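Following: one structure in structure tokens, then a few remarks.
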């Protein structure tokens, strides 16, 4: 390709009849400023390599709006755009510069996408390093970033921007992105492959949809001081961590089928229905009880009894973890929760409760059996002794039967120590039966 200087490129783009510039290398030895007042309103820059010092596209007057298309270009020079545009399209470019900034501009349409018409050469816009920043801008119509790859060395910042129409991030691959003080007036769709995304002091005034299938252990979706005014969806969203802080959802919000390792909800408000149906949290030990309680309460409001009981158990487990065994600070509550934990896993398993009742009851009954027969030798090969042992145990399982289970007649125990064992066993059995009933009741409408 032909190599030209920045000055020569400026002369070419200032030519009145130029609509396309292509297949050149522009070596910029001193910062290059392009006054768009001197440039054709419609222009395409194709297969151009910009190298050297920075290049800035600017315009002070606003009477006429330009339409620019950058296609298959390589930017090794820093790029600054400060002007109003009808539309700008970036198609299959590579950005290998320290800074690419769009600032203080009003743009009707901004598009980053790949050339799908060329089936033999379909590449996305690739940012290899540096800072991609959009700030103090207005987008009057479509803002669309599609199939963009941002390497780990790239930071993406969008701040103090008003999106007056649809804003779409489709199939973007990035490591981190920050939205600060942005207003999304209409539909907002955010579809990321893997990401660390933060939204701070943003207003979502239209339908909002977040999509991600990341299984990275570092993916993070964070909202601070945001407001969602319309239906918001995180359905089947997959990420390592979700954090909601001082955030308000005025309309309905859905997390159906989403999966997170950790969730943190703090000082956030859900004014209408929240759907947490089939949500999965993989690292419950790293979630605080307050967050689990919020999810539990919203499930109860939505009359999702199955998931409600699941999160009720999670909350009890988190509370059990918070308590200690000190007599004056948590011994009694922790003891009760411990029994609930080992008997039914906080109400999750009736089978565990049945096993607790039988095993716990039989262990105590066996002690009673040994004490009551301490003066006799027992022939373990005698079937009658085994029959007496197990028939007595079945009587022992009857919570309201206070007669001696080892005797066929209705007589009471006479040994005080046997009575202590007997009563303790009845309490254990009664507790196990109660917990088993509670485990069944979780499915009651």
**Test: residue 218 is in contact with a strand residue (DSSP E or B) (Cβ under 7 Å, 6 or more places away or on another chain), modelled with pLDDT under 95 and in a loop (DSSP other than H, G, I, E, B)** = yes
**Request:** Taking only segment 97-116 into account, find how many residues are surrounded by 17 or more Cβ atoms within 10 Å (Cβ to Cβ) and in a loop (DSSP other than H, G, I, E, B).
**Result:** 3
**Item:** So residue 75, is it free of Cβ contacts under 8 Å to residues at least 60 places away in the same chain and crowded, with 20+ Cβ neighbours inside 10 Å
**Value:** yes
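Just to be sure before I move on: is residue 68 touching a helix residue (DSSP H, G or I) at 6+ places or on another chain (Cβ under 8 Å), in the same structural domain as residue 132 (by TED's automatic domain parsing) and closer than 25 Å to residue 149 by Cβ in the structure I sent? Step through it out loud before you land on a result.
On the way: touching a helix residue (DSSP H, G or I) at 6+ places or on another chain (Cβ under 8 Å): no; in the same structural domain as residue 132 (by TED's automatic domain parsing): yes; closer than 25 Å to residue 149 by Cβ: yes.
So residue 68 fails the test.
Does segment 364-380 contain at least one residue that is in a helix (DSSP H, G or I), exposed (fewer than 12 other Cβ atoms within 10 Å of the Cβ), at pLDDT 75 or above and under 55 Å from the mean Cα position of the chain (by Cα)?
Filtering segment 364-380 for residues in a helix (DSSP H, G or I) gives 364-372.
Applying the additional criterion that residues be exposed (fewer than 12 other Cβ atoms within 10 Å of the Cβ) yields 370.
When the remaining residues are screened for being at pLDDT 75 or above, the result is 370.
From what is left, the residues that are under 55 Å from the mean Cα position of the chain (by Cα) are none.
Scanning segment 364-380, I find no residue that is in a helix (DSSP H, G or I), exposed (fewer than 12 other Cβ atoms within 10 Å of the Cβ), at pLDDT 75 or above and under 55 Å from the mean Cα position of the chain (by Cα), so the answer is no.
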**Asked** Restricting to segment 243-260, what's the tally of residues that are surrounded by fewer than 16 Cβ atoms within 10 Å (Cβ to Cβ), at pLDDT 95 or above and not in a strand (DSSP E or B)?
**Response** 1
**Request:** Name the residue, out of 26, 3, 18, that is more than 19 Å from residue 148 (Cβ to Cβ) and crowded, with 18+ Cβ neighbours inside 10 Å.
**Result:** 26
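The values are calculated or read from the model by the stated rules, or taken from the named source; none is laboratory data. On a predicted model such as this, the values are computed, not experimentally measured, just so you know. In this analysis, Cβ positions are derived from the backbone assuming ideal geometry, glycine residues included, and neighbour counts consider all displayed protein chains.
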